[in-house]
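The values are calculated or read from the model by the stated rules, or taken from the named source; none is laboratory data. The model shown is predicted, which means the values in this text are computed figures rather than measured ones. Here the Cβ is made from the backbone with ideal geometry for all residues, glycine too, and neighbour counts use every protein chain on show. With ligands, DNA and RNA removed, areas are computed over all heavy atoms of the protein, side chains included. Shrake-Rupley method; radii C 1.70, N 1.55, O 1.52, S 1.80 Å.
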Amino acid sequence: PNAVGISFSYFGLTGVLFQLTFFRRVLRRLGSRRMYLLGTSLLAIGTSLVPAALPLSEGVRHLLGAAAVADTRASSIVTQVSDWLPLLVLLTPIGGGFMAGLPILNTLVANAAPLEVQGLAQGLSQFSGGILRTLGPVLTGTAFGYLAARAHLWFSFFGLSLLYVLCGTIVASLPPSIERSYEEAA
């Protein structure tokens, strides 16, 4: 539970730092659609690489352990660094991708809808998002538990990555009018 809490805290901190430091500049440079595509790309890459954290931590432990003194305190520090460093590095694109893509999604929905149903479209989008954020952890947790029990961890992370790629592909195929408001597109 402690490791999961630290991981989620780091994920959230990464997302907040991305929003505070890079979000506005990147959005101005890329536009809404490409910003969303950046977010889904970072999510897909980060998610597909998370299972590599364990082999990477073993490699880091081996490299750092060779330089460590036989002191138990130094050994403990080496173990902590080697366990956390790869995971935190791999969580960084996920946190940035989440905060690059999710806020932009509401903008894209609003821009894609005609002005007279824009509020309805946004409300339906937020309603659907709320339902999926409620059901998502249950469904993905069940799927992850099933796959993890059968030693298919890579498959579950790869499947989630494919879903991010699918979301990006759908947005990439939408008309250019989603880049600006409906009034400007008309």
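With contributions of -39500 (n - 2.57) from each DSSP H run of at least four residues, the per-residue ellipticity at 222 nm computed over the chain stands at -29000 deg cm²/dmol. Of all the accessible heavy-atom surface of the chain, with the other protein chains kept in place and a 1.4 Å probe, what percent is carbon and sulfur? Roughly 71 percent, rounded to a whole number.
Calculated FRET efficiency, L135 to H62, Cβ-Cβ distance, R0 = 41 Å: about 0.50 to the nearest 0.05.
Here the calculated FRET efficiency for Y146 and R28, from their Cβ-Cβ distance with R0 = 30 Å, stands at 0.10, rounded to the nearest 0.05.
Using R₀ = 35 Å, calculate the FRET efficiency as 1/(1 + (r/R₀)^6) where r is the Cβ-Cβ separation of A3 and L115; round to 0.05. Calculated value: 0.15.
Taken per residue, the accessible surface of the chain reaches 63 Å², heavy atoms only and a 1.4 Å probe. In terms of packing, defined here as the mean over residues of other Cβ atoms within 10 angstrom, the peptides 95-106, 113-124 line up highest first as 95-106, 113-124. What the Cα atoms of the chain give is an Rg and a Dmax of 20.0, 71 Å. Segment S128..S177, full-extension length gain: 15.4 nm, with 0.36 nm per residue of separation and the alpha-carbon distance subtracted.
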